[in-house]
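The values are calculated or read from the model by the stated rules, or taken from the named source; none is laboratory data. Quantities reported herein were computed from a predicted structural model and do not represent experimental measurements. Using ideal geometry, Cβ is built from the backbone for each residue, glycine included, and neighbour counts are taken over all protein chains shown. These area figures cover heavy atoms from the full protein model, side chains too; ligands, DNA and RNA do not enter into them. Shrake-Rupley method; radii C 1.70, N 1.55, O 1.52, S 1.80 Å.
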Amino acid sequence: MSRPHDDTLEATRSMARQHAQRGEPDAAEKSFLSLLERHPQDVEALRFVASCHSAREEHEAAIQRLQVAVKVTRDDPAAWIQLATAQMAVDDFSGAVTSFRCGLSLAPRAFVARLQLGMALEQAGQSHEALKAYFMAIESARALGRWQDDATTAPGLRDAVKHAVNYVNQGRRRLFHGALDPLRERYGSGELARVERSLAIYFLDQPANIPDPRQKPKFLYFPDIAGQPYYPRRHFPWLEKLEAATDTVRAELRAVLSEGQQLEAFLGQVPAQASRSMLRSSSNQDPAWDAYFFYRHGQRHDEHCARCPQTTALLDTLPLVRIRDHAPETLFSVLSPGTHILPHTGVTNTRLVTHLPLIVPPDCAIRVGGEEHVWQEGRCVTFDDTYEHEAWNRSGQTRVVLILDSWHPDLSEAERAAVTDLVEAIGDFNRSCEIPAAPG
């Protein structure tokens, strides 16, 4: 049974809410103030009265109310964000930054609040942190189909969003161009001219003008180098050494498979819908594209390397792409019976992909840029995966190839170093902007 005191409080709260719903803010404020006289830590009343203070530009009074509110309930993101907005109004940018971050730790995908955080950081003179906040706000909003253009942006936010987009574009240009400064000093600007054009294409400052419409890199296009689906062997003198080791590599592969060594899905833990968009089955079994990684995204899988020492020793002698947290990518690629990897494209034409076929049943092939190639065991094939490509195993047996990546042969030493530094700089910035998961 409720006490009379509680009944009175709830009646006052109900009356205040009714006034607010009817668009009677003065009456609602009066009722909430009455409630606060008897219950000074009521968060709902504190927040409503604070909003009334802010509407009258009584920002200090609003801040006082909201500071009480966030002490009472520290896990209410809306209260923190309201406090931060009031602090912004009195130019307390440092305080606003702290409050926005408290709110965003509880509601990490609140992209409008993250936009406001960027404003506070910019005003506080923390330019790099502002760049990150603006970038995260824009990416979060666009992932939900917002802020794509004026039509998908609330009118009251359009100027702020355009400012943020401009700030991000300029800031990232400075950051990534700056990453190349040591190489400009070492090699001279002329040696990096194509890298500079690649960066301009990345920022959409220049059109890519890709000569072959079949080529569609998803991340970084490097201009003025040869583009073709498959590459002649003469560009890769190390292929002979790799092919000569086919029996050795295949023996270690068979040991892995026979001993039940754990494979992992090449696509990782992705939703079923994403998997269906990449894989199909021509049999009554579920499609499966599995992998036994030696390196993935540049990270060495020590246990797998130790399990296949001769394969690992061979890979360590090859001129693989080595970019921190990105490359090399070397693995046994295991395609189950009936599995079809649907058409897709890779990220950049600065590197090429080589397959050493190890176990190839009949009715297995790859198609790159519309040109089909049938694997032959022990015979390497090198291709540019920025051309749309697909692969299939229409047999009743497992197909396995060793996959590795190497630099495009047209890149100079300076350009390889520059692409390495550029991709690492882009990756470092993107990782620093990851939106944290909500607590708990």
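Below is a table of values for the structure above.
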quantity	calculated
Extreme residue, most open to solvent (accessible area, probe 1.4 Å), among residues of the stretch 111-127 that are in contact with a helix residue (DSSP H, G or I) (Cβ under 8 Å, 6 or more places away or on another chain) and outside any helix (DSSP H, G or I)	Gln126
Selection status of Thr317, among the β-branched types (Val, Ile, Thr), open to solvent by 40 Å² or more (accessible area, probe 1.4 Å) and more than 31 Å from the chain's Cα centre (by Cα)	yes
Pairs where the first residue, in the stretch 119-131, is farther than 18 Å from Ala86 by Cβ and the second is open to solvent by less than 60 Å² (accessible area, probe 1.4 Å) and not charged (D, E, K, R), C-beta under 6 Å, 6+ apart	Glu122/Ala130; Glu129/Leu121; Ala130/Gly118; Ala130/Leu121; Leu131/Gly171
Only one of Arg158, Arg146 that is under 26 Å from Val97 (Cα atoms) and in a loop (DSSP other than H, G, I, E, B)	Arg146
Some residue of the stretch 351-359 being in a loop (DSSP other than H, G, I, E, B) and either β-branched (Val, Ile, Thr) or in contact (Cβ under 8 Å) with a residue 60 or more places away in the chain (or both)	no
Within the stretch 360-389, tally of residues that are β-branched (Val, Ile, Thr), buried (at least 19 other Cβ atoms within 10 Å of the Cβ) and not in a strand (DSSP E or B)	2
Test: Gln285 is among the polar types (S, T, N, Q), assigned to a loop (DSSP other than H, G, I, E, B) and under 23 Å from the mean Cα position of the chain (by Cα)	no
First in the stretch 164-181 and free of Cβ contacts under 8 Å to residues at least 12 places away in the same chain and within 13 Å of Lys132 (Cα to Cα), second anywhere and in a helix (DSSP H, G or I) and open to solvent by less than 60 Å² (accessible area, probe 1.4 Å), Cβ under 6 Å, 6 or more apart	none
